[in-house]
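Asks: I have a structure I would like to understand better, so I am pasting it below and will then ask my questions one at a time.
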Amino acid sequence: MIRSPGPGALYNIGNLLALVSGAVMPLVHLRVDMGVGAALAAHFAGSPGALWLSGAMGLFLVSGVFYDRAWRDAAQPQPRLVQLGDLLAGIAAIMLTVALVWLGDTALALLAGVLLAGGKLGTAVLPTVSVPGQTLLDRGFRMAVIISRGPSIAALALTLSDSNGTLSEIALPTMMIFCFLLWFWADLLLLKAGPVQLIEPLR
């Protein structure tokens, strides 16, 4: 029987697709005077914004590994690994927000970034704090992460609608929408897991 993918696998499939898709674009438009290595170096580390973005994607990949390890036994997810995945994803979301602000997408970065970072860091810290209504708060943080996907998908859809329909214009936005849908699916799985079985203080 084939096991359905867990949140970690879905997150990292999306992360890898986003990384590969982003790296392919500078190669498609490679200048004659620039080699492949130089083009990739410029893409991943050619500016402060690119460095922040590369760092964020690296941390998202690591957090996906923690989620994947936590969900190897889907019947009994490991709470501490889920929390570590949330913590790293929250830090990565802050780095992503800085990158997008640096690259000029200020409104999108602040709206989606605050929701994503706040939701991930909230679920990472909350299980260590004993408060009334903790279950409701946990679900609220998970919902903030889910809602954060909306502005990004909407912006990509607008990019597609404003394009001329050429392959070079629609390829990356289309792939990124697919990635966001994978991340959305993973978010839903974490929400469905429920905070009760995921709550365990970090030691």
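Asks: Label-point separation (nm) for LEU158 and LEU188, each offset 7 Å from Cα along Cα-to-Cβ?
Replies: Placing both labels 7 Å beyond Cα along the Cβ direction yields 2.5 nm.
Asks: Note down the nm distance, to one decimal, between modelled labels 7 Å out along Cα→Cβ at GLN78 and at PHE178.
Replies: Going by the 7 Å Cα→Cβ label model, 3.2 nm.
Asks: Further, regarding this structure: Along Cα→Cβ, 7 Å out, is where each label goes; now give me the distance between the ones at GLU169 and ARG139 in nm to one decimal.
Replies: Going by the 7 Å Cα→Cβ label model, 4.4 nm.
All of the numbers you see were taken from the coordinates with simple rules; none came from a lab. In this text the structure is predicted, and so the values were computed from the model without any measurement. With ideal geometry, Cβ positions are generated from the backbone for all residues, glycine too; neighbour counts draw on all protein chains shown.
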